[in-house]
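The structure appears right after this line, and notes come after that.
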Amino acid sequence: MIASNDILLKADAEGYAVPAFNYSDIWDLQAIVEAAEEERAIIMISANPLVMAAIGTHMNAAMGQAAMEDAKTPVLQHLDHSFKEELCYDAIDHGFHSVMMDASKYPLNENIAIVKRVVDYAHARGVIVEAELGRIRGAGIEGEYTGTDFLVDPEECKELVKRTGADSLAIGIGNAHGFYKGKPELNFKRLKEVNDVVDVPLVLHGGTGIPAEDIQKAIKGGINKVNVGTIIHCTYMNGMREELNRLGENPYTLDVVKPVKEKIKAVVKEWIRVCMCSGRA
């Protein structure tokens with residue numbers, strides 16, 4: 001197992017991104033990890049606050065720990081888009097290796113103060129912290145933002161990283177949660193401006209729907225972690241519908257789940273290749 005922050009630093013040094021896949025339960029979690037093993041890739045498995053609430057911190061942590069111990073390739077468990085400090089502390093206390101404290105909706109100084117408290121708590125326990133600046137547009141289980149003031153300010157990034165000690169930074173450069181309406185327009189100029197003034201790995205949220213060539217251009221511009229969620233749970237649910245319709249009344253759970261896992265694995269493998277992460281383990 002690579003040390004937590006070394007996963008992202010290795011990606012930065014070698015010119016690829018670590019894909020962070022959101023799971024909903026044990027079946028898509030297994031599919032994600034199996035795909036990573038087959039691609040010999042380094043990945044993160046991410047639980048968002050809704051999954052944390054539904055399954056429970058203890059159970060999520062236990063599943064993640066088992067995945068990290070059993071996987072043939074490096075897997076890091078991550079808490080995605082926590083809007084509450086207390087959830088970060090709970091995840092850390094239960095063994096998560098990485099947490100995201102998203103205080104981007106607050107003014108800069110308040111964002112910094114919140115993130116700093118989480119960083120101090122996490123670093124004392126060997127856990128890494130992702131912060132966020134700018135706003136991630138769109139609507140999804142991670143939240144909703146429909147305003148026009150979404151582009152991150154490079155100087156604010158510099159100040160936040162300096163004052164908090166955050167290990168990575170999610171930035172708003174035109175990316176969005178959920179499915180995009182029209183072609184995504186990433187601001188690569190702003191990405192470069194941020195990458196020039198901070199020395200921590202940068203994170204791109206809202207990967208679903210961004211063309212592969214734009215993802216790879218963003219990686220070359222300094223993105224070291226790409227979050228992928230919407231396409232995972234949509235593949236899962238649409239696959240379940242197809243299998244239930246195919247099998248008819250009263251199918252056995254595993255008969256339904258097995259082919260669905262293969263569909264999820266295909267999507268995960270495609271994203272691993274887009275992130276140029278295959279064979280990096």
### Query
Within region 228-281, how many residues are under 25 Å from the mean Cα position of the chain (by Cα), of a type outside the set (Gly, Ala, Ser) and in a loop (DSSP other than H, G, I, E, B)?
4
### Summary
Only unsatisfied item for residue 148, checking (1) part of a loop (DSSP other than H, G, I, E, B); (2) modelled with pLDDT of 55 or more, is (2)
### Task
Scan region 175-206 for residues that are modelled with pLDDT of 85 or more and not in a helix (DSSP H, G or I) and jot them down.
186, 187, 198, 199, 200, 201, 202, 203, 204, 205, 206
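Right, residue 210: more than 27 Å from residue 112 (Cα to Cα), of a type in the set (Val, Ile, Thr), touching a residue at least 12 places away in the same chain (Cβ under 8 Å) and touching a Pro at 6+ places or on another chain (Cβ under 8 Å) or not?
Details: more than 27 Å from residue 112 (Cα to Cα): yes; of a type in the set (Val, Ile, Thr): yes; touching a residue at least 12 places away in the same chain (Cβ under 8 Å): yes; touching a Pro at 6+ places or on another chain (Cβ under 8 Å): yes.
Answer is yes for this residue.
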### Residue among 35, 13 that is under 18 Å from residue 225 (Cα atoms), over 17 Å from the mean Cα position of the chain (by Cα) and of a type in the set (A, V, I, L, M, F, W, C)
13
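Considering only region 1-34, state which residues are touching a residue at least 40 places away in the same chain (Cβ under 8 Å), under 19 Å from residue 266 (Cβ atoms) and either buried (at least 20 other Cβ atoms within 10 Å of the Cβ) or out of contact with any helix residue (DSSP H, G or I) (no Cβ under 8 Å at 6 or more places or on another chain) (or both). Reasoning before the result, please.
The initial filter retains those residues of region 1-34 that are touching a residue at least 40 places away in the same chain (Cβ under 8 Å), namely 1-2, 4-5, 7-12, 14-24, 27-28, 30-34.
Subsequent filtering for residues that are under 19 Å from residue 266 (Cβ atoms) retains 19-24, 27-28, 30-34.
Listed by number, the residues that qualify are 19, 20, 21, 22, 23, 28, 31, 32, 33.
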### Query
Among (1) of a type in the set (A, V, I, L, M, F, W, C); (2) farther than 15 Å from residue 80 by Cα; (3) touching a helix residue (DSSP H, G or I) at 6+ places or on another chain (Cβ under 6 Å), which single condition is residue 234 missing?
(3)
### Query
Scanning region 217-233 for residues that are of a type outside the set (Val, Ile, Thr) and in contact with a Phe, Trp or Tyr (Cβ under 9 Å, 6 or more places away or on another chain), which turns out surrounded by the most Cβ atoms within 10 Å (Cβ to Cβ)?
227
### Query
Can we say residue 260 is over 26 Å from residue 74 (Cα atoms) and buried (at least 17 other Cβ atoms within 10 Å of the Cβ)?
no
### Message
Looking for something among the charged types (D, E, K, R) and under 25 Å from residue 131 (Cβ atoms) - is there at least one such residue anywhere in region 228-246?
### Response
no
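The values are calculated or read from the model by the stated rules, or taken from the named source; none is laboratory data. Source: prediction; values computed, not measured. For neighbour counting, all protein chains shown are included, and Cβ atoms are generated from backbone atoms with ideal geometry for every residue, glycine included.
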